[in-house]
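Computed from the coordinates by the stated procedures, all read-outs in this text should not be read as laboratory data. It should be emphasised that the depicted structure is a prediction, and the values quoted were computed from it without experimental measurement. Please note: Cβ atoms are built from the backbone with ideal geometry, for glycine as well, and neighbour counts cover all protein chains shown.
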Amino acid sequence: MALFASDTDESAITVNRLDPSDPLGCSIPRPFTLDDFEWPTAEHYYQAMKYPDRARFDHIRRANDVEQARKLGRGWLKRPRADWKSVRTIMLTRAIYTQARTHADFAAALLATGDQNIVETSQYDYFWGIGRDQRGQNQYGKVLQNVRAKLMAEATG
């Protein structure tokens, strides 16, 4: 077993989930409908799902851009829902999968990665990314790989 994420596969696809120019990121405006609401980005959905308070939920959903949605979602005065840590990966997976089913270009970009590992390269995020020392959990890469596997399974029938 490799000590660092980068030691496992030099051909891994690297992504930055918060880069609005990264085709596999969650900050690109790719509107989709989920839970009867229109979402401009997966990040808007993810941030809004943190809070059961409908006013805060709507405020985040209607944020003008990803940065505003992230800022509103990170508000320190409001605590996220009690089960947030156990459902946050599920919420982002739902958003990414729905975007892929809504936007053929996104699904194609994800499927084009084949069976390669996908690594979120954030130096500061040890949950979604690999972190500065590359020992992070890479949960965003895993979300993309899981959605890709589901899309492949659906394509083969």
| query | Is one or more of the residues making up the stretch 129-140 in a helix (DSSP H, G or I), over 13 Å from the mean Cα position of the chain (by Cα) and aliphatic (A, V, I, L, M)? | reply | no
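Scan the stretch 76-108 residue by residue and report those that are hydroxyl-bearing (Ser, Thr, Tyr) and within 10 Å of the chain's Cα centre (by Cα). Explain how you work it out, then say what you get.
Step one: list which residues in the stretch 76-108 are hydroxyl-bearing (Ser, Thr, Tyr), which gives 86, 89, 93, 97-98, 102.
Result: 89, 93, 97.
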| Taking only pairs six or more apart or across chains, which ones have beta-carbon atoms under 6 Å, a first residue in the stretch 113-136 that is over 16 Å from residue 12 (Cα atoms), and a second residue that is in a loop (DSSP other than H, G, I, E, B) and charged (D, E, K, R)? | 123/132
| request: Would you check if there is a residue in the stretch 108-120 being surrounded by 12 or more Cβ atoms within 10 Å (Cβ to Cβ) and more than 18 Å from residue 150 (Cβ to Cβ)? | output: yes
| query | Among the residues of the stretch 9-24, which ones are in a loop (DSSP other than H, G, I, E, B), in contact with a strand residue (DSSP E or B) (Cβ under 6 Å, 6 or more places away or on another chain) and not aliphatic (A, V, I, L, M)? | reply | 17, 22
| query | Any residue at all in the stretch 82-92 that is among the β-branched types (Val, Ile, Thr), in contact with a helix residue (DSSP H, G or I) (Cβ under 6 Å, 6 or more places away or on another chain) and surrounded by fewer than 21 Cβ atoms within 10 Å (Cβ to Cβ)? | reply | yes
| Considering the stretch 48-68 alone, what residues qualify as being over 20 Å from residue 144 (Cβ atoms) and in a helix (DSSP H, G or I)? | 48, 54, 55, 56, 57, 58, 59, 60, 61, 67, 68
| task | Would you point out which residue out of 17, 70 is of a type in the set (Lys, Arg), in contact (Cβ under 8 Å) with a residue 12 or more places away in the chain, crowded, with 17+ Cβ neighbours inside 10 Å and touching a Ser or Thr at 6+ places or on another chain (Cβ under 8 Å)? | result | 17
